[in-house]
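To start, the structure under review is shown below, and the notes come after it.
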Amino acid sequence: MTTPPEGPGQPYGTPEGQPGNTPYGAPQQPYGGGQQPPYGNAYPAGPGGMEPPKGKGMAIAALVLALIPCGLTTLVSLVLAIVVLAKKGGGKGLAIAAIVIDIIVVILLIALVAAGVILGGESVDNLKTGDCVTAKGLNASDEAVSQIKKVGCGEKHDGEVLATVTLSGDDVADFGDDASNTLCDEAIAFTDEELNTFITEGYNYIGLTQTAEPDAGDKLACVAFAEDGSDLTESLR
């Protein structure tokens, strides 16, 4: 019977080439493994996974509202864009674009108000013979007529459309006050008696166009009014 050799060597029963001085079983990794990210960061932020910069959502809202041409939405858009620029964060480019659009919209709104298209304004091209209207500056020779609005002829009103003319190319070629008066005289076609009565009772009329330099196809409205600026309460014809 062979006796195992004494002294340094491999432990009895341990095949040569295998570790002999290790604890029971193989070394273990810490629970959960060493390669997993810390709790709460399983999906690290990075390109495509990073949260949107603060302020970008507000800037997008400002830009969307800027594209809606309305006084209230334009004001809200402008406020949001200014807030984005005042704070640290992203979206500044979108905020600047929103402000530029807001400024353009404000300029257009001011121009439309000045032309009487907004605030109840009626286009001259929409007026018809027999319409009664209220208007600003109708009886003032040195003031542009604006804020035209149709009303019932039984209500208080500033003027009445006695006739309309669709302007031709020849009409607009040399258009001015004289041409306007001549066209209205022909369109109204007062008899001498009617004209005398009209003037005696203190009325006059003026030719109105939507723009100072109308194009062919635009309308000339011949509107009567009381020269003393008093209200009319019934139809004149």
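Does V106 qualify as being without any contact (Cβ under 8 Å) to a residue 24 or more places away in the chain, open to solvent by 40 Å² or more (accessible area, probe 1.4 Å) and of a type in the set (A, V, I, L, M, F, W, C)? Give the derivation first.
On the way: without any contact (Cβ under 8 Å) to a residue 24 or more places away in the chain: no; open to solvent by 40 Å² or more (accessible area, probe 1.4 Å): yes; of a type in the set (A, V, I, L, M, F, W, C): yes.
When the stated conditions are applied, V106 does not pass them.
The single condition among (1) touching a helix residue (DSSP H, G or I) at 6+ places or on another chain (Cβ under 9 Å); (2) under 20 Å from L236 (Cα atoms) that K149 does not satisfy is (1). Note on the stretch 145-218: enclosed helices (runs of 4 or more DSSP H) holding 3 or more residues that are over 37 Å from the mean Cα position of the chain (by Cα) are 177-188, 192-200. For the stretch 185-215, filtered to residues that are β-branched (V, I, T) and free of Cβ contacts under 8 Å to residues at least 60 places away in the same chain, the residue that is nearest to S146 (Cα to Cα) is T211.
The values are calculated or read from the model by the stated rules, or taken from the named source; none is laboratory data. The shown structure was predicted, so the numbers you read here are calculated from the model rather than taken from an experiment. No Cβ is skipped: glycine too gets one built from the backbone with ideal geometry, and neighbour counts run over all protein chains shown. Accessible surface is based on the protein model in full, side chains and every heavy atom, while ligands, DNA and RNA are left aside. Shrake-Rupley method; radii C 1.70, N 1.55, O 1.52, S 1.80 Å.
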